[in-house]
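Read the structure below first, then the notes.
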Amino acid sequence: MRRPQRFSKPLGFESIYLQQLTKYKQVKIKLLISIFIVGINCLNAQTEIKVKSKYGSENVEIQNLYDFENIFVQKFYFKGEKLKGKSYIIKLQEFTKGQKTESTTLFDGTESDYFKIKSNEITLKFNLKLDDKKLKIQIATDKFRSKKSYFKLKDDSNKYVLKDFFGSNSEITIDINKSNPILALITPYINKSGFGSYCDVANSKVSPYEYGKYFKIPHYFLINIEFK
């Protein structure tokens, strides 16, 4: 015997309207999320500065001399649309037994319009020398040099090493609206094997401001840059 066919009950106007309304809301939510994400990305792109770095000298003999004399030379290349017309302040912060004990301005470009950045790029060169329990620092561009600044070391000068925060990256980004640490002059972290390590510190995810507390480093310096 043939079974009678079953027909689905036609949807009423109200059911169709509710289905369409639900689909519309879902599309609207997705669209709003997409707009929000694009807006955040655009905002980040406007505030991000790309940074590259070059350490030391390509000349082997000169680099050998740097190493022998405890001289550190590092260049930073900053690039971003928002750089033009900005000034910058470079500070050195000193940390002792996990606490910030000193903060010194190495260079303040807001003191004169002459120091304002004239394009979307700027190159800064940091010269550091360790000798006789003292740290000597000078900052240079292709147009001027800062005054030389001197700081006392609390350990053997041979125990201090200059580290940046690039890790294995050739380029990083920083926020133009924040103060950004770019260099650390650190004494070694003594690991469980009893050996001293510098890379474990600089390549870690620990905030540079917490190196002293986390790694028990008794003394170190941070160099920060801030754009105004």
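The values are calculated or read from the model by the stated rules, or taken from the named source; none is laboratory data. These numbers were taken from a predicted model, which means no experiment stands behind them. All Cβ positions, even for glycine, are placed from backbone atoms using ideal geometry, and neighbour counts span all protein chains on display.
Can you find a residue that is of a type in the set (S, T, N, Q), in a loop (DSSP other than H, G, I, E, B) and either touching a Cys at 6+ places or on another chain (Cβ under 8 Å) or closer than 24 Å to Ser197 by Cα (or both) anywhere in region 56-74?
yes
Checking Phe72 against (1) over 20 Å from the mean Cα position of the chain (by Cα); (2) surrounded by 18 or more Cβ atoms within 10 Å (Cβ to Cβ): exactly one of these is not met. Which one?
(1)
With Lys154, Lys129 as the choices, which residue is assigned to a strand (DSSP E or B), of a type outside the set (Gly, Ala, Ser) and either surrounded by 12 or more Cβ atoms within 10 Å (Cβ to Cβ) or modelled with pLDDT of 95 or more (or both)?
Numbers: Lys154 fails: assigned to a strand (DSSP E or B).
One residue alone meets the criteria, Lys129.
Does Ile89 meet the test of being of a type in the set (A, V, I, L, M), farther than 22 Å from Thr187 by Cα, in contact with a Lys or Arg (Cβ under 7 Å, 6 or more places away or on another chain) and in a strand (DSSP E or B)?
Against the criterion (of a type in the set (A, V, I, L, M), farther than 22 Å from Thr187 by Cα, in contact with a Lys or Arg (Cβ under 7 Å, 6 or more places away or on another chain) and in a strand (DSSP E or B)), Ile89 qualifies.
Quick one: which of Lys205, Lys216, Lys228 is at positive phi and surrounded by fewer than 21 Cβ atoms within 10 Å (Cβ to Cβ)?
Going through Lys205, Lys216, Lys228 in turn, just one is at positive phi and surrounded by fewer than 21 Cβ atoms within 10 Å (Cβ to Cβ): Lys216.
Tell me, please, whether a residue that is touching a helix residue (DSSP H, G or I) at 6+ places or on another chain (Cβ under 6 Å) and either among the β-branched types (Val, Ile, Thr) or within 19 Å of Asp175 (Cα to Cα) (or both) can be found in region 54-66.
no
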